[in-house]
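Participant: Below is one structure. I have some questions about it.
Please treat every number below as a calculation from the coordinates, not as lab data. Note that the coordinates shown come from a computational prediction; the quantities given were computed from them, not determined experimentally. Every residue, glycine as well, gets a Cβ built from its backbone with ideal geometry; the counts of neighbours run over all protein chains shown.
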Amino acid sequence: MKNTVIIYGSTTGTTENVAHKLAKFMGVDEKDVVDVKNIAPSQLGNYDNIIAGSSTWGSGELQDDWFDFVDGLKALDLPGKKVAIFGCGDETMGDTFCGAVATLYEAFKSTGATMVGAFDIVGYDVTSTPAEIDGTIVGLLLDEVNHPEATDLRLRKWAQLLTDEFAK
Ligand SMILES: Cc1cc2nc3c(=O)[nH]c(=O)nc-3n(C[C@H](O)[C@H](O)[C@H](O)COP(=O)(O)O)c2cc1C
């Protein structure tokens, strides 16, 4: 696989655990699983593929540690990079479910990167999420609060999808 980084922002460790599990499923080296606190947008030049994950806090907002990084992205052009987004949320929070995925998606898309990794939310009760953009769920949405049993299978399927996309 080309050079891949998994960047996560996580307050209570949920998204962090998912990031490490994803790395295992995709064969991404542990050293390339990075807390967003420890990487600057300017370092993205080292990677062909970027996987970004955030939990959602407040009311549909990014996890706190992502804010500075997302600000920094505005100054970057990343054409030729492939980017995929995942998030952890709580579907009982109504129409804010995984709102951070939408924010990260828009931020990376504005750099000119190629966005990949759209994935449906079959099996959840939620009917609307900010992560549905133009009729597509733009990343992998996980709910470790209400559906922890669903995570591994969804993550494995998404890992395979990304492995195929990144190989193109
Ligand atoms: C105060 C609070 C606000 C939250 N707000 C949202 C929200 O707006 N939308 C959502 O989908 N999940 C929301 N969640 C759920 C978290 O995103 C979820 O617990 C997640 O797994 C936390 O992941 P982390 O430990 O990686 O930060 C909220 C949780 C708390 C405690």
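Participant: At q = 0.18, 0.28 Å⁻¹, what is the base-10 log of I(q)/I(0) for segment 86-126 according to the Debye formula with one equal point scatterer per Cα and no solvent? Please give it to two decimals.
Facilitator: -0.58, -1.04
Participant: Now for a different question. Could you tell me the largest-minus-smallest coordinate of the C-alpha atoms of the chain on each of the three principal axes, in descending order and whole angstroms?
Facilitator: That gives 39, 31, 30 Å along the principal axes, largest extent first.
Participant: In addition: To make sure I understand, if each residue's beta carbon is the centre and we count other beta carbons within 10 Å, what order do 67, 86, 108 fall in, fewest to most?
Facilitator: Working: 67 14, 86 29, 108 23.
The order, fewest Cβ neighbours first, is 67, 108, 86.
Participant: So what's the back-of-envelope 222 nm ellipticity for the chain, counting only DSSP H runs of four-plus at -39500 (n - 2.57) apiece and dividing by all residues, rounded to 500?
Facilitator: So the calculated ellipticity at 222 nm is -9500 deg cm²/dmol.
Participant: At most 16 other Cβ atoms within 10 Å and a DSSP loop assignment: could you name the trypsin sites (Lys or Arg not before Pro) in segment 43-99 that fit?
Facilitator: Taking segment 43-99 and a limit of 16 other Cβ atoms within 10 Å, the loop trypsin sites (Lys or Arg not before Pro) found are 74.
Participant: Apply the membrane-span-like helix rule to the chain: whole DSSP H runs, Cα extent along the own long axis of at least 15 Å, mean Kyte-Doolittle hydropathy at least 1.0. List the helices found.
Facilitator: The qualifying helices: there are none.
Participant: At q = 0.10, 0.12, 0.13, 0.19 Å⁻¹, what is the log10 ratio I(q)/I(0) for segment 4-101, with the Debye formula run over Cα points and no solvent?
Facilitator: -0.25, -0.36, -0.43, -0.90
Participant: What share of the DSSP beta bridges in segment 4-167 is antiparallel, in percent to the nearest 5?
Facilitator: The answer is about 15 percent antiparallel.
Participant: Shifting gears a bit: Consider a paramagnetic label point 7 Å from the Cα of residue 71 along Cα→Cβ; state which residues of segment 32-59 have an amide N under 18 Å from it.
Facilitator: Of the residues in segment 32-59, 36-43 have backbone N under 18 Å from the label point off residue 71.
Participant: Net charge within 15 Å of residue 35 by Cβ-Cβ distance, Lys/Arg positive one each and Asp/Glu negative one each, not counting residue 35 itself?
Facilitator: -4
Participant: How many angstrom lie between the C-alpha centres of segment 121-168 and segment 28-70?
Facilitator: Here the two parts' Cα centres lie 18 Å apart.
Participant: About its Cα centre, how strong a charge dipole does segment 4-167 have in debye, to the nearest 20, once Lys and Arg get +1 and Asp and Glu get -1 at the Cβ?
Facilitator: 500
Participant: Take the residue pairs 82/168; 2/37; 74/157 and return only those whose Cα atoms are more than 22 Å apart.
Facilitator: Exceeds cut-off: 2/37; 74/157.
Participant: Oh, and also: Counting only Cα atoms, I'd like the Rg/Rh figure for segment 124-166, Kirkwood definition for Rh.
Facilitator: Rounded to two decimals, Rg/Rh equals 1.00.
Participant: How much length would be gained if the chain were fully extended between residue 40 and residue 12, taking 0.36 nm per residue of separation minus their Cα-Cα distance, in nm to one decimal?
Facilitator: Fully extending the segment from residue 40 to residue 12 adds 7.9 nm.
Participant: Which parts of segment 131-168 would a label at residue 109 reach, counting a residue when its backbone N lies under 13 Å from a point 7 Å out along Cα-to-Cβ?
Facilitator: The answer is 131-139, whose backbone nitrogens lie closer than 13 Å to the label point.
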